[in-house]
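This report concerns only the one structure given below.
Readers should treat all values here as calculations from the given coordinates under stated rules, not as data from a laboratory. Model, not experiment: these values are computed from the prediction. Backbone-built Cβ (ideal geometry, glycine too); neighbour counts: all protein chains shown.
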Amino acid sequence: MDTRTTTDAQTRPNRPGQALCGLDEIPDGTAKGFDLGAGDEPLEIFVVREGPRVFAYVNVCPHTGSPLDWQPDDFMNEDGCHIMCHTHGALFEVADGFCIAGPCAGDSLTPVKVEVDGAGNVVLREAVTDGP
Ligand code: FES
């Protein structure tokens with residue numbers, strides 16, 4: 001059973017150019033989750049900040065398909081250097097989502113195209129789908 005609390009995830013429309021938040025709302029070395037789209041089953045994504053750069057992924061672990069965070073916005077390992085699935089401890093590279101350790105080593109998270117616009121907002125570059 002998924003006991004994760006998602007009440008803090010922020011819901012946004014799933015469309016190109018959609019602002020998710022200000023870059024300054026994601027402390028460096030941390031991540032923030034968002035729900036995209038309406039309805040009972042919005043698509044969950046998360047955005048990781050590494051200095052001025054952002055990287056985003058669908059919030060689905062390639063191991064079992066469960067979300068990576070058991071607490072809202074808790075996507076990183078202890079030192080903030082890697083994305084971590086809190087279900088079975090898989091570790092992923094921030095820049096490309098490649099799994100370097102854990103039960104799904106060699107697999108990858110599904111990337112989401114985001115960028116920081118001229119106003120300092122993290123925006124979706126294109127609408128997101130959860131599959132290939
Ligand atoms: S569900 Fe992510 S490591 Fe098992």
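Charging the Cβ of each Asp and Glu at -1 and of each Lys and Arg at +1, and nothing else, the dipole of the chain about its Cα centre rounds to 280 debye. Model label points for A95 and S66, set 7 angstrom from Cα along the Cα-to-Cβ axis, are 3.1 nm apart.
On the principal axes of its alpha carbon atoms, segment 10-124 extends 38, 34, 22 Å, with the longest extent given first. Segment 10-48 and segment 72-132 have Cα centres separated by 12 Å. Applying 0.36 nm per residue to the separation of A105 and A19 and subtracting their alpha-carbon distance, the gain on full extension is 27.7 nm.
List the GluC sites (Glu not before Pro) within segment 10-83 that DSSP assigns to loop and that have no more than 15 neighbouring Cβ atoms inside 10 Å.
Numbers: sites: E25, E44, E50, E78; in loops: E78.
The qualifying sites are E78.
Under 5 Å from the amide H of G29 lie the amide H atoms of R49, E50, G51, each residue being 5 or more positions distant or on a separate chain, with H modelled from the backbone and absent for Pro and chain starts. Counting neighbouring beta carbons within 10 Å and listing from fewest to most, the residues V94, V47 come out as V94, V47.
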